[in-house]
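One structure below.
The values are calculated or read from the model by the stated rules, or taken from the named source; none is laboratory data. No experiment lies behind these values; they were computed from the predicted model shown. All Cβ positions, glycine included, derive from the backbone under ideal geometry; neighbour counts span all protein chains shown. For the accessible areas, the whole protein counts, side chains as well, though only heavy atoms, and no ligand, DNA or RNA atoms are used. Shrake-Rupley method; radii C 1.70, N 1.55, O 1.52, S 1.80 Å.
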Amino acid sequence: MNSNETPVLDLPQKEAALPKVPGLASRPAPKGSAVVRVGVIGYGYWGPNVVRNLQSLDNCQVVAVCDKSSDALRRVHRVYPQIRPTTDLADVLTAPEIDAVAVVTPVWTHFELAKAALENGKHVFVEKPFTSTSQQAEELIELAQRRNLKIMVDHTFLFGGAVRKIRELVDGGALGPLYYFDSTRVNLGLFQHDVSVIWDLAPHDLSIMDHIITEKPEAVVSTGGHHLNGYADMAFITIYYPNNIIGHVNVNWLSPVKIRTTLIGGKDKMLVWNDLEADEKIKIYDKGVNIANGQGVYDLLVSYRSGDVWAPKVEQTEALRVELGYFVDCILNDRTPLNDGQAGLRVVRLLEAADYSLKERGKLVRF
Ligand SMILES: NC(=O)c1ccc[n+]([C@@H]2O[C@H](COP(=O)([O-])OP(=O)(O)OC[C@H]3O[C@@H](n4cnc5c(N)ncnc54)[C@H](O)[C@@H]3O)[C@@H](O)[C@H]2O)c1
């Protein structure tokens, strides 16, 4: 290793075999204990989506919502008069009638709240990114294991029709061996006051990449900068995988236009996922390049293949609903979620490495 490289700790092992279509192939809940009672902490921007989707599930009941803000609690009460609004965390964390806690608060609070919930015997659903440090993530994983409780990290996109379809195509070999995964998630704002664009937006792309490329990353390089409040507002993260697979994520809060596009290149075919398209979000291009050596040493025989383009059908179900249904199912049937604490930890490690590399102006961080 040369002086430009910095080691970080090992990435946790991925599941050898992940369920093919998470959540949808769920078994029926066992008779008798068919309802999971949930307390939700945090009812700001994302919390209402979590509460609405939990409430829509047959085998789930939201018992209480806790928020520090009385405005937020008024909103809860207006929509759900049957749910107990509270400013007291203990009303959720220690309530005997609550089986699971959803932590939908800012990143820096995730660890303390999830830890308190696990210590009180509750399963936890924790927003992305799982924790602020990998050490915190490891502690929560260990605690949950000891108490035989579930952790699910909200990696929402894994449960949308597009990512499920992409995973199916890649697993089925439709693209051939992978060359690269290149994801762009840019728009104007929303500036966060407590985290950089890496910790706010990149968890989406990194969790998707972690799900599609099942090999362990080898190294990370990240560049970018901050222009307004001291937190990075744009970042270009490159991830090196075995077999010459390159991952790349471009996240930016200073873009005049919104782009949500992922390119996945394989030896046989190439895929474009534009999440802003209403229909035909995914297109598969039968395009590729072959290079062979000609007679002379400097003769390169390059042939380009340009065939059909097709758009597979992508399911339009709300990802968060599928995910929360899967959370409830994992609790009722004692199953380990594919987006468990280990998956959350893998993403946090990539975020830490990207953060470090960016601050060091593109230093290579090896795993
Ligand atoms: N999965 C996704 O697609 C997605 C989308 C948006 C946000 N998120 C995540 O959701 C989390 C919350 O984000 P947000 O945009 O809703 O934030 P927000 O600031 O809009 O809302 C957070 C709420 O939590 C409350 N709160 C904070 N600390 C509290 C505490 N100790 N006790 C009780 N209430 C507390 C605040 O009063 C606020 O109402 C973040 O981790 C974010 O990364 C995920």
TODO: Could you pull out every one of the aspartates and glutamates with an alpha carbon less than 12 Å from that of Lys283, ignoring same-chain neighbours closer than 8 positions?
DONE: Asp275, Asp308
Open item on the list: Percent of Cα-Cα pairs more than 20 Å apart in region 35-143, please.
Closed with: 33
Task: Subset of Lys216/Lys287; Lys258/Lys363; Lys115/Lys165; Lys68/Lys150; Lys216/Lys281; Lys128/Lys281 violating a 31 Å alpha-carbon distance limit - done: Lys115/Lys165
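Say R0 is 35 Å: what FRET efficiency, to the nearest 0.05, do Asn187 and Lys359 get from their beta-carbon distance?
According to the calculation, E is roughly 0.90.
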Open item on the list: When the expected Rg is taken as 2.2 N^0.38 Å, what fraction or multiple of it is the alpha-carbon Rg of region 133-184?
Closed with: 1.64
Task: trypsin sites (Lys or Arg not before Pro) restricted to DSSP loop in region 58-140 with at most 16 other C-beta within 10 Å - done: Lys68
- [ ] Would you mind telling me the share, in percent, of accessible area of the chain contributed by carbon and sulfur at probe 1.4 angstrom?
- [x] 52
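Dipole size in debye (nearest 20) for the chain around its Cα centre, Lys and Arg Cβ +1, Asp and Glu Cβ -1?
480
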Task: Quotient of C-alpha Rg and 2.2 N^0.38 Å, computed over the chain - done: 1.05
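Just the number, please: percent antiparallel of the DSSP beta bridges in the chain, rounded to the nearest 5.
60
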Open item on the list: Quick query: amide H of Leu254 versus all other amide H atoms, modeled in the peptide plane; which residues come in under 5 Å with a sequence gap of 5 or more or a different chain?
Closed with: Asn187, Gly189
Task: With Cα atoms, 0 to 90° folded angle of helix 341-359 axis to the chain main axis - done: 60
Open item on the list: Run through region 260-367 and list the GluC sites (Glu not before Pro) located in a DSSP loop whose Cβ has at most 16 other Cβ atoms within 10 Å.
Closed with: Glu277, Glu280, Glu315, Glu318, Glu360
Task: In region 268-367, trypsin sites (Lys or Arg not before Pro) in a DSSP loop with at most 12 other beta-carbon atoms within 10 Å - done: Lys313, Arg361
- [ ] Calculate, for Ala174 and Ala278, the FRET efficiency according to 1/(1 + (r/R0)^6) with r their C-beta to C-beta distance and R0 22 Å; round to the nearest 0.05.
- [x] 0.40
Open item on the list: Check which residues have an amide H placed less than 5 Å from Met152's amide H, if you skip close sequence neighbours.
Closed with: Val124, Phe125, Val126
Task: For region 258-306, diffusion coefficient by Stokes-Einstein and Kirkwood Rh (Cα), 10 °C, 1.306 mPa s, µm²/s - done: 123
